[in-house]
Amino acid sequence: MATKIFARPSARLKAEHLLEMFWLMLLSRRVDERAWALHRQGKIAFHISGMGHEGAQVGAAFAINRGVDYVHPYYRDLALVLALGITPTDFMMSLFGKKDEYSSKARQMPSHFGSKKLNIVSGSSPVATQVPQAAGLAFAIKYKQQAGLVNPDDSTQPRLALTCLGEGSTSQGEWHEGMNWAGVHQLPFICLVENNLYAISVPQEGQMAVSNVADRAAAYGVKGIWVDGNDVLAVYDAVYEAAQRAYRGEGPTLVEAKTYRVVPHSSDDDDRSYRSREEVEEWKKKDPILRFEKYLMDEGILTPERLDEYETRARAEVDRAQHAAEAAPYPAETDALDEVYAD
Amino acid sequence: MTVLTLIDAIKQAMDEELERDPRVFITGEDVGKRGGVFRATQGLYDKYGGTRIVDSPLAELSIVATGIGAALADLRPICEIQFADFIHPAFNQIVNEAAKMHYRSGGQWRVPLVIRAPYGGGISGALYHSQSVEAFFTHVPGLKVVIPSTPYDAKGLLKSAVRDPNPVLYFEPKKGYRAIKGEVPPGDYTVPIGPARVAREGRDLTAFAYGMMAHYTVLAAEQVAREDGLDVEVIDLRTLLPVDKTAILTSVQKTGKALIVHEDNLTMGYGAEVAAVLADDGFAYLDAPVRRLAGPDVPAVPFAHTMQEFFMPNPDKIAAAMRDLAEY
Ligand SMILES: Cc1ncc(C[n+]2csc(CCOP(=O)(O)OP(=O)(O)O)c2C)c(N)n1
Ligand SMILES: [Mg+2]
């Protein structure tokens, strides 16, 4: 048994990395909570949240070459993109729709992440469209390696494409076609399915007749694995193995992280009509942040003093981000006309 | 100069672009060993191999979507949709994704993608092998839409499309693949995306067309010149999006009359936009109502020979429309 534990890739993570992971999960949660508060105060038009998914997202981010490998995320991936280098101020700018907002110059709704310099591909609202595009990114990686345009071992270049979506979105044909391409060409591709049991109100049973999305991977010639998505290190381990397979040219992996969204689907949703308060409360006890906090405390890596320090720092960062975004100007009306075409 | 068919000019353009830039690759159904069902990629698999001439799964959405992904990663994909009729599964990826990527990322991400598709009727292809789909896409800012009618333009425009940093839809009039021949210089040249071409100069009226209908419209203009002494100017629009308003207005300023010909059905077709450009900015030039000759408003081209001929504009019908307008 002991050997198995030591074989876990996360066992090699240094204390400073574990603490950075924890910090990013906590920061994401505090940014997210502020966004809900701003919405309640009528200061912002819309928020869609990642609360509950932070473990899955930060675990995945740390397992790839952050800021270098391609990531094509979805709207719930706040903690993921913070781990890739997006800042709380960037995100606040998008909540308020301010001039030169980082992802879209305030053309898109918030949480439509994207940054060329971090190799985060700009996403749209129609679900699952990113999956076959990520297969195309992975195809390009393999193509460039085969054509001698890049060195396969050059870690300054993207060596895999990671894309994320919810379990409900795997009902889309886009998901099927993307998975199929990844399988046919055995691409350096990772599909992270953040299974939170609901697609707005529709439970998983209404989307598929199998208990695990991961079971469907085999049909595409893709390796499928599911993990406890509220265990950040379990997700890290799974995505790490997937990434190493991708880097070695051994093909695509689907990682299903089983998790839960502890808040309504978005600021426009009321989840009381489709799930019980008891169910939500049960899941709140399995919160990935509390769980990691306990683990790190038990291991003596995190101390109450340091936790306080993190909370203070998170609050200050969120305040600063909010103030910066509130103070920033709106785009000019005619900015709507720019960048329809690339020159 | 060599005389090439339309399809050979298209193939030559791809061959030269593959040769020029290692980032260029082709994907689509049966494009590999088979060389495409119309043989547009014939011989390219043998020359460049399966890494660059890639048979795709039978799934148009992902042909386009993986093309988008590869373009985001700075490759230069040429995606072939076997028939334009089968582009609809990819509509979401073209309209919501490729067209909007540059805009939605504040100019950070670009999609240098070419989508080639044979379109049009008159080949007994019936409802699902005859469609003209250009109007769906000319409504979408962020896309460019190109339809050549001569081998010279086919080669030059396709090269421009491959080198363009934006998604370009390149529709090929398949009835003209072998029927249309013309001189094509060997080696590199481009025809810019944007400007229309004066295919025939004239003074009495202007006929606007593109693709197979541009070819027919020139034939019709020659016919009415011979038989009726009419001097028709023919504008081959060749780039449908962006719209070449200057070419439309300049010609009608001279002739005072406009006929628009397309085989796509009439209502909300491309001709409506040409007519609107003239109504907005060329009203003072007009000596007659703007006329449109187009396919009838039925779901698509029917199979039986009689009904197909009824659907399709042809040189005789175009000549009749020219005479009619000239008399106004
Ligand atoms: C093509 C499309 N149809 C419908 C919607 C509206 N919509 C947005 S999110 C969503 C549910 C997605 O659920 P899931 O994939 O499980 O992801 P989750 O939100 O639970 O993380 C729906 C129906 C959409 N964005 N795109
Ligand atoms: Mg879900």
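Would you confirm, using the coordinates I've provided, whether A:ARG216 is within 16 Å of ligand 1 (Cβ to nearest atom), crowded, with 17+ Cβ neighbours inside 10 Å and more than 16 Å from the chain's Cα centre (by Cα)? In short, yes. Only one of the numbered conditions (1) more than 25 Å from A:SER273 (Cβ to Cβ); (2) within 16 Å of ligand 2 (Cβ to nearest atom); (3) within 14 Å of another protein chain (Cβ to nearest Cβ); (4) surrounded by fewer than 24 Cβ atoms within 10 Å (Cβ to Cβ) is not met by A:THR163, and that is (4). The condition of being more than 10 Å from chain A (Cβ to nearest Cβ) and either in contact (Cβ under 8 Å) with a residue 40 or more places away in the chain or open to solvent by 10 Å² or more (accessible area, probe 1.4 Å) (or both) holds for B:ILE115.
Residues in region B:177-185: is at least one among the hydrophobic types (A, V, I, L, M, F, W, C) and open to solvent by less than 10 Å² (accessible area, probe 1.4 Å)?
So far as region B:177-185 goes, yes, one or more of its residues are among the hydrophobic types (A, V, I, L, M, F, W, C) and open to solvent by less than 10 Å² (accessible area, probe 1.4 Å).
Only residues that are among the aliphatic types (A, V, I, L, M) and out of contact with any Pro (no Cβ under 9 Å at 6 or more places or on another chain) were counted across region B:146-178, and they come to 3. A:THR89 meets all of the listed conditions (1) away from chain B (no Cβ under 13 Å); (2) more than 16 Å from ligand 1 (Cβ to nearest atom); (3) of a type in the set (Ser, Thr, Tyr); (4) outside any helix (DSSP H, G or I) but one, namely (4). Taking A:SER104 as the residue in question, decide whether it is in contact with a Gly (Cβ under 8 Å, 6 or more places away or on another chain), among the polar types (S, T, N, Q) and away from ligand 1 (no atom under 16 Å from the Cβ). In short, yes. The sole residue among A:ALA217, A:ALA257, A:ALA209 that is away from chain B (no Cβ under 14 Å), touching a residue at least 24 places away in the same chain (Cβ under 8 Å) and away from ligand 2 (no atom under 16 Å from the Cβ) is A:ALA217. When B:TYR170 is tested against (1) touching a residue at least 24 places away in the same chain (Cβ under 8 Å); (2) out of contact with any Leu (no Cβ under 9 Å at 6 or more places or on another chain), just one condition goes unmet, and that condition is (2). Out of A:PRO126, A:PRO203, I need the residue that is surrounded by fewer than 23 Cβ atoms within 10 Å (Cβ to Cβ), over 25 Å from A:ALA243 (Cβ atoms) and at the interface with another protein chain (Cβ under 8 Å from one of its Cβ atoms). Which one? Selected residue: A:PRO126, the only one of A:PRO126, A:PRO203 that is surrounded by fewer than 23 Cβ atoms within 10 Å (Cβ to Cβ), over 25 Å from A:ALA243 (Cβ atoms) and at the interface with another protein chain (Cβ under 8 Å from one of its Cβ atoms). The residue pairs whose first member lies in region A:167-187 and is touching a residue at least 40 places away in the same chain (Cβ under 8 Å) and more than 13 Å from chain B (Cβ to nearest Cβ), whose second member is basic (Lys, Arg) and open to solvent by 10 Å² or more (accessible area, probe 1.4 Å), and whose beta carbons are closer than 8 Å, counting only pairs six or more residues apart or on different chains, are A:THR170/A:ARG216. Of the residues in region A:42-55, at least one is touching a residue at least 24 places away in the same chain (Cβ under 8 Å), assigned to a helix (DSSP H, G or I), within 24 Å of A:ALA246 (Cα to Cα) and out of contact with any strand residue (DSSP E or B) (no Cβ under 9 Å at 6 or more places or on another chain).
Look through A:GLU194, A:GLU241, A:GLU174 and report the one residue that is part of a helix (DSSP H, G or I) and either closer than 20 Å to A:GLU282 by Cβ or within 12 Å of ligand 1 (Cβ to nearest atom) (or both).
Going through A:GLU194, A:GLU241, A:GLU174 in turn, just one is part of a helix (DSSP H, G or I) and either closer than 20 Å to A:GLU282 by Cβ or within 12 Å of ligand 1 (Cβ to nearest atom) (or both): A:GLU174.
Go through region B:91-109 and count every residue that is surrounded by 22 or more Cβ atoms within 10 Å (Cβ to Cβ) and more than 10 Å from chain A (Cβ to nearest Cβ). Final tally of qualifying residues: 1.
Among the residues of region A:166-179, just one is away from ligand 2 (no atom under 15 Å from the Cβ) and either surrounded by fewer than 16 Cβ atoms within 10 Å (Cβ to Cβ) or polar (S, T, N, Q) (or both), namely A:GLY173. Screening A:THR163 against (1) in contact with a His (Cβ under 8 Å, 6 or more places away or on another chain); (2) more than 16 Å from ligand 1 (Cβ to nearest atom) leaves a single unmet condition, (2).
What about A:GLY114, is it surrounded by 24 or more Cβ atoms within 10 Å (Cβ to Cβ) and either more than 10 Å from every other protein chain (Cβ to nearest Cβ) or farther than 20 Å from A:ARG248 by Cα (or both)?
Yes: the conditions hold for A:GLY114.
With respect to being open to solvent by 10 Å² or more (accessible area, probe 1.4 Å), free of Cβ contacts under 8 Å to residues at least 60 places away in the same chain and more than 10 Å from chain A (Cβ to nearest Cβ), B:ASP55 falls outside the description.
The values are calculated or read from the model by the stated rules, or taken from the named source; none is laboratory data. Predicted, not measured: the structure shown is a model, and the values here were computed from it. Positions of Cβ are generated from backbone atoms using ideal geometry, with glycine treated the same way; all protein chains shown enter the neighbour counts. Side chains are part of the model used for accessible areas, which takes the heavy atoms of the whole protein and leaves out ligands, DNA and RNA. Shrake-Rupley method; radii C 1.70, N 1.55, O 1.52, S 1.80 Å.
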